[in-house]
């Protein structure tokens, strides 16, 4: 007699068609017990599937209470998840993508059998049909949150839409208006009945819906504050009022004097039209402004006055860019525009213009090029021409701030004349940096050294002659007092010329006993 399986153990049997079927009771997402069935070509395959189902049940992972098809689940997701919790415009966007694109192609596929290759082929086919990359990305952005919700409800184990690959975003270069262009626009729109709304967009960077959704109760003339709280938009085929896009969009802005004066004037002219809606800007019949009509009025002004055409939303980019160029901190710009993340302000809305690039590179030029010229001028200034006592033009390492060589001799009383500083007569050319002029090159160094030697020789000659004259005066005084008349040449050997200062590499000149030698204090 065959053994009876225990409750919850499951059953495996062979069908009439030769395949095997297994069944086991598990807990479902609705909280009830349900008998799930699995199939396979062999008994071992079915046994493995039953074991997996029982393991999930033991871990507390419930099974789906029904066999969902993708189309049915998307309808449930739109009605029960998106519509109560998202903005009407978001629901409308998802509903259009589901109804027109996803359900016709994948609606009959069981949710548990949705695979990465299947979704990849679906999106690739939409690209082949001519849809833009951005539109196909939006289809995936619609399918992905639906499958994420299915994962939370433990209907599927993974989100296959997140695993497909698509081409990167085709970013379009936004060229915002220059300050001159936005001034032209403000001037051209001054006669329009919605001019204060255009001015709010230009100055504050308000969104289109925020500008036309502004209410009189949101304007505090006494404290000069604008409270941005709601917007006007079209969704589900009608124009509606609702809260602003995000929590960060709820912001308070200072009421500028120019805006205040224009709003007061607008209230005097059109305030009677706001009795029903309470809106600052309405149609001529007092109804909410159709957002598309506001955009069309903007484009008409540009066309009539020959102003470079941009999207209305790009005026918001213009405001962000001008604020950046004015040096306003990014955090302040973020609060003015109502962004939830400062990265959105810096990376998406603030653009670098050719003028800002040019100004930045000019600053860079001032640092690099002018510094280089300054260093070069200082190097050239260091090599100046010095005219010696003989009228010859000599090259010197001295700058204009440095004293001439003749002034480098100290004239302190009761001290012998000497050169100031560490001036070594033995190897003075190599050891003294004042003798080196790298800018002249190696082949000009010898001529520089010779010129310097001439200058030193001249200065030493002047000092030596002064000393000799002093000796002569003493000798004459001794002659007069003593009555003796020694030969002057015998007392002081004046007949020998002043010794020349020679290059250290030259052979020293040999003088006789009658040579007039320098005193010992010159021999350093």
Any chance residue 286 is surrounded by 13 or more Cβ atoms within 10 Å (Cβ to Cβ), in contact with a helix residue (DSSP H, G or I) (Cβ under 8 Å, 6 or more places away or on another chain) and at positive phi: yes
Residue among 309, 304, 296 that alone is surrounded by fewer than 13 Cβ atoms within 10 Å (Cβ to Cβ), farther than 22 Å from residue 344 by Cβ and within 32 Å of the chain's Cα centre (by Cα): 309
Residue within region 188-205 that is without any contact (Cβ under 8 Å) to a residue 40 or more places away in the chain and surrounded by fewer than 18 Cβ atoms within 10 Å (Cβ to Cβ) present: yes
So residue 137, is it surrounded by 13 or more Cβ atoms within 10 Å (Cβ to Cβ) and within 36 Å of the chain's Cα centre (by Cα): yes
Among residues of region 257-279, those that are touching a strand residue (DSSP E or B) at 6+ places or on another chain (Cβ under 9 Å) and under 15 Å from residue 206 (Cβ atoms), counted: 3
Residue in region 314-335 that is touching a residue at least 12 places away in the same chain (Cβ under 8 Å), more than 38 Å from the chain's Cα centre (by Cα) and not in a loop (DSSP other than H, G, I, E, B) present: no
Selection count, region 212-233, where residues are surrounded by 18 or more Cβ atoms within 10 Å (Cβ to Cβ), in contact with a helix residue (DSSP H, G or I) (Cβ under 6 Å, 6 or more places away or on another chain) and assigned to a strand (DSSP E or B): 4
Residues that are surrounded by fewer than 16 Cβ atoms within 10 Å (Cβ to Cβ), assigned to a loop (DSSP other than H, G, I, E, B) and within 32 Å of the chain's Cα centre (by Cα), drawn from region 234-255: 246, 247, 248, 250
Selection within region 336-345 - assigned to a helix (DSSP H, G or I) and surrounded by fewer than 16 Cβ atoms within 10 Å (Cβ to Cβ): 342, 343, 344
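Readers should treat all values here as calculations from the given coordinates under stated rules, not as data from a laboratory. Source: prediction; values computed, not measured. For neighbour counting, all protein chains shown are included, and Cβ atoms are generated from backbone atoms with ideal geometry for every residue, glycine included.
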